[in-house]
1. In segment 406-478, what is the volume of the convex hull around the alpha carbon atoms, normalised per residue and reported in Å³?
2. Ignoring any ligand, DNA or RNA, what whole percent of the accessible area of the chain comes from carbon and sulfur when the probe is 1.4 angstrom?
3. Can you tell me the alpha carbon radius of gyration of segment 344-453 divided by the globular rule-of-thumb value 2.2 N^0.38 Å?
4. Treating the beta-carbon of each Lys and Arg as +1 and of each Asp and Glu as -1, no other charges, what is the dipole magnitude of the chain about its Cα centre, to the nearest 20 debye?
5. For segment 18-48 and segment 436-503, what is the centre-to-centre distance using only Cα atoms, to the nearest Å?
6. Could you tally the net charge around SER142, taking each other residue with its Cβ under 11 Å from the Cβ of SER142, Lys/Arg +1 and Asp/Glu -1?
7. Work out the FRET efficiency for TRP270 and GLU491 from their Cβ-Cβ distance, taking R0 = 51 Å, and round it to the nearest 0.05.
8. Can you give the Rg to Rh ratio for segment 103-195, taking only C-alpha atoms and Rh from Kirkwood?
Amino acid sequence: MEPNIKVAKSAGFCFGVDRAVNLAISHSGSDPVYTLGPIIHNRHMVDYLAGIRVFSVDGIQDIPKGHTVIIRSHGVGKETYDRISEAGLRLVDATCPFVKRIHRLAEAATRENRLVVVIGDIAHPEVIGILGWCGNAVVFSSADQVSSWLSENTAALAPMTVLSQTTLGRDTWIECKDILKKECTNAVFFDTICNATDLRRQEAADIASACDCMVIVGDPMSSNSARLADICRKKCNSVYLISDAGELPPSALTGCHSAGLTAGASTPEWVIKEVLLKMTEEMNNTAAIQTEDNATEVKETVENTASASMDFGEDETFEQMLEHSFKTLNTGDKVNGIVASVTPTEVRVELGTKHAGYIPVSEVSDDPTVKLEDVFTVGQEVETYVLRVNDVEGTVMLSKRRLDSVKGWEDVEAARESGVTLEGIVTEENKGGIVVSVKGVRVFVPASQSGLPKDSSLSALVKTRVKLRITDINRVRRRVVGSIRAVQFDERREMADKVWQEIENGKKYSGVVKSLTTYGAFVDIGGVDGMVHVSELSWNRIRQPSDVISVGDKLDVYVISFDKEKRKISLGHRLTTDNPWNKFVTTHNVGDTVKVKVVKLMPFGAFAEVMPGVDGLIHISQITNRRIGKPGDVLAEGQEVDVKITEIDNEKQKISLSIRALLEGDQLSDSDIANASLPDEIVAVSGESESADTAGDTDEA
């Protein structure tokens, strides 16, 4: 028999393991990252990850607060998620999507009070994780255990959901299912075995039955690899389970005319490649010790048969043949596939090749808020663009966004002709403007057309959704120019027309402060700006509008008056219900003693704040029981004093206050009280407590 090497196409990482490893690598950095248990059962990969500060720990208690923890592909129970959250850790969930599906099925069964039956190894991490999502569950690893359990329990009539470990042997599942289906009338079965596991084992058995020697590459701690070795031993007398090329015995292939090679789901591609190289060297060495007459013929036969078994071209070197066996796709290819699973971060696509295809969320859409479950469904056919092929890991990164951009050009050109409005996501701030992704097409919007005020920061628009109009297209230079301002102008004009059609005195609006002046604020009430005078901004004493509002603030206003011809609107903000005078008269009476704060000194007395928004006058004659030249001889602005309310004029909203009335033994005459009254031209509301003689003294008011 001519010597040859048969390599299993299914050898190496499965999708779930590949995804977990890539997530671990992508989250590595200067700060250490931790995995709950080894990310995969392979010491080479674990050592590599440790070198980039991704460490395996036994429990959450071993991870410092604030660091990142990765849940491996086997998955964990619900309680572990809760503990991670309570411990203040950042979570990266690398649970295999197929295992996630089992968790959801188990959780749903528990909510429906169904018994969960798991067919698998009770000590396997995946099964332990599944049990963490169940309320009432049992685990069986063989048909005999199922039969024994049924004979000792009255569970046959109980509603149950039957699940399987993803790496369970198909024969075991069928045997257990047949028994349960016959005895249990209320059982629902879900075949949750991973198809990749079935394929790997069947292929290993087929190759082993046709070879003199079989090599399985995998960590001895991996149940998946151990199971492959058991299957091959039933078909081949010479089987070796090794973790790397160094463990392959020198004499393993002596006298071997045909050899097979496969690997467990946790074996990196580069380890498989090293083993294949060593097997080839050993077989070539065996051929070299043949007689000198047929040595050349045997060597050519080895190379030719290896080429035939691995589908390599006649003129390729071994290195080229090896690369060819792992590479069937190229960057830039357009490929069709079937959606196999959807997670929050990526979509797995079956391409019909050895490679595991996936579309990261960033390559689905420019919209950062997009949810993959809203775009894809399992079983859906999808056309994608090949971004990157990783032959070592056996993965292909795909992009839907790139293909969409080609179709987007047609839509953008049509929009330029019709003048319709398009929507897009601002992806970056560029020199002189911003870039908006519209249907996958880059559209440049100059700063002057961004819709923001001059010299504003354009970075505020990044990652936001905007409406724009296409103004220019140069297909040769692949340059598209758009305008956000044009859309805003039209929208504002439409809103303004609506406001002027419906405006009336007293109508309320929710507006936005556009600008401030010394005498008030301009407020946009929907395409039209109205003026709110400073006196209408607050019942309290304010020096200028900026004391109470800022540009950009939302402000509830109502129409005081308007002039359609001159396009002017006077707005108010103070509400009658908030009038501090109304609050004052309901809580204070003549004769009450209150503590007040002196807010302004005048030649004839001092104004004092009785409560926010309400001032009263302490006449100079009521400051003390002795004659003084001016109020400042006794009082100072900001000083707090006790006073007595001697008069309340509700009609004119005036208050008379007296310190003198509280002085021990002092009796006020009628003339004193008359002198203490407020002059008619003085009112008690804050911000208006000035006499006619000092009304212009606004700097001190």
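1. In segment 406-478, the Cα hull volume divided by residue count equals 85 Å³.
2. 47 percent
3. 1.27
4. For this selection, approximately 1040 debye.
5. Each part's Cα centre sits 45 Å from the other's.
6. Once positives and negatives cancel, what remains is -4.
7. Computed FRET efficiency for TRP270 and GLU491 comes out at 0.30.
8. 0.92
The values are calculated or read from the model by the stated rules, or taken from the named source; none is laboratory data. What you see is a predicted model; the values in this text were computed from it and never measured. A quick note on method: Cβ atoms are made from the backbone with ideal geometry, for glycine too, and the neighbour counts reach across all protein chains shown. Just the protein is used for accessible areas: all its heavy atoms, side chains included, with ligands, DNA and RNA removed. Shrake-Rupley method; radii C 1.70, N 1.55, O 1.52, S 1.80 Å.
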